[in-house]
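Take a look at the structure set out below.
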Amino acid sequence: MTSRWVAAARARESARPDGLFVDALAGALAGEAGQRMLAEFEAGAQSPSTEPSDGTVYLAIRTRFFDDRLLAGAASGVRQFVILAAGMDTRALRLAWPAGTRVFEVERTDVLDYKESVLASLGATSRAERILVRQDLREDFGAALELAGFARGEPAFFLIEGLFPYLPNETEASRLLAAVAMLAAPGSSIACDLIGESFLASPWTQPHLRKLASRGVPWQFGTDQPEELLARHGFNEVEVKQPGEVGHGRWPYPTAPRSIPGIPRTYLLVARGAES
Ligand code: SAM
């Protein structure tokens with residue numbers, strides 16, 4: 001359901017004349033259930049600007065940020081991309097990949113089955129070689145990736161978008177990062193987003209957090225030291241951005257320096273594997 005909510009947000013962004021990207025498949029993938037969840041998140045929320053207050057603008061900025069970083073990875077010569085917890089991600093289909101690019105989508109079976117049924121009904125075709133890995137990330141997804149053709153000795157670009165906040169604690173976040181680090185040959189990169197503990201603790205975010213919890217998908221894990229978390233797993237040269245810093249003028253809130261405490265924060269990150 002959360003993946004279809006994000007797809008609904010991408011569909012909304014795609015309909016804007018000044019949209020940060022166009023995801024023509026997002027509306028169908030979201031379906032009515034995704035649209036409903038987006039509407040629920042909007043209800044009662046307040047925004048300081050004309051931007052919607054339902055998180056759509058964050059999801060739009062995040063999508064564009066990772067689009068740009070993934071394509072920069074491809075421009076630098078990487079040809080293996082691994083999208084973990086891919087949900088309704090359509091990047092394999094919509095981005096302008098160089099010839100020979102392979103995009104692995106790792107997701108739970110039921111989610112990928114739904115996605116494939118929608119894509120098939122639309123006759124959608126992929127611009128990269130798209131390889132589906134039906135796999136729970138709590139199990140050995142590295143083995144599943146290799147079985148699917150992932151080349152462990154070659155550099156890869158790993159994306160973990162919209163997953164970390166749902167993990168129960170830092171132990172689980174670390175376990176996931178350690179498993180990715182095992183797969184990351186020299187020249188590899190990782191991109192992910194994280195919320196801060198500040199986000200979990202702030203009175204401003206409690207209505208949003210309560211809605212997630214009441215849907216059975218609570219946000220539980222955050223850190224305001226994202227560089228340290230990644231560095232502990234060998235990912236260095238960390239680029240950290242707050243959404244307002246890469247928001248193309250769309251982020252409706254002020255961006256306070258990270259040294260100021262008590263502000264609910266989210267982070268967009270890209271880092272290089274230690275041996276790069
Ligand atoms: N990355 C996608 C995006 O940004 O559009 C989807 C984000 S969605 C908020 C979170 C996704 O994590 C869901 O698609 C869900 O199925 C997936 N997920 C959660 N736990 C998982 C697990 N243990 N194994 C595989 N996928 C999982």
- prompt: For the modelled label position 7 Å from the Cα of LEU71 along Cα-to-Cβ, which residues of the stretch 78-121 have backbone nitrogen atoms closer than 18 Å?
  reply: 78-82, 89-103
query: Cα-based Rg of the stretch 1-43 per 2.2 N^0.38 Å, rounded to two decimals?
result: 1.05
statement: In this structure, the FRET efficiency calculated for ALA143 and ASP18 from their beta-carbon separation, with R0 = 35 Å, to the nearest 0.05, is 0.20
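Ratio to report: Rg/Rh of the chain, with Cα atoms as the point set and Rh obtained by the Kirkwood method; give two decimals.
On the way: Rg = 17.7 Å, Rh = 19.0 Å.
Expressed as Rg/Rh, it is 0.93.
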- prompt: Which of GLU139, GLU227, GLU161 moves most in a GNM of the chain, Cα contacts under 10 Å?
  reply: GLU139
query: Size of the stretch 56-97 along its principal axes in angstrom, Cα-based, largest extent first?
result: 32, 18, 16
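With an 8 Å cut-off on Cα pairs and a minimum separation of 6 or more residues, tell me the relative contact order of the chain in percent. Don't skip to the end; give the middle numbers.
Details: 504 pairs, mean separation 46.3, N = 276.
Computed over the chain, the figure is 17 percent.
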message: Of the candidates LEU230, LEU122, LEU59, which one comes out as most mobile in a Gaussian network treatment of the chain with C-alpha springs shorter than 10 Å?
response: LEU122
query: With each run of n ≥ 4 DSSP H residues scored as -39500 (n - 2.57), what mean residue ellipticity at 222 nm is computed for the chain after dividing by its residue count and rounding to the nearest 500 deg cm²/dmol?
result: -12000 deg cm²/dmol
- line: Between GLU161 and residues 5 or more places away or on another chain, the pairs with built amide H atoms under 5 Å apart involve LEU84
query: Between ARG36 and ALA185, what length comes free when the chain is fully extended (0.36 nm per residue of separation minus the Cα-Cα distance, one decimal in nm)?
result: 49.5 nm
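State in Å² the accessible area per residue of the stretch 1-43; use a 1.4 Å probe, count heavy atoms of protein chains only, and round to the nearest integer.
Values: 1820 Å² over 43 residues.
Here the per-residue accessible area is 42 Å².
The values are calculated or read from the model by the stated rules, or taken from the named source; none is laboratory data. Please read these numbers as outputs of a predicted model, since none were measured by experiment. Virtual Cβ from ideal backbone geometry, glycine too; neighbours counted across all protein chains shown. All accessible areas refer to the heavy atoms of the entire protein, side chains included, with ligands and DNA or RNA removed. Shrake-Rupley method; radii C 1.70, N 1.55, O 1.52, S 1.80 Å.
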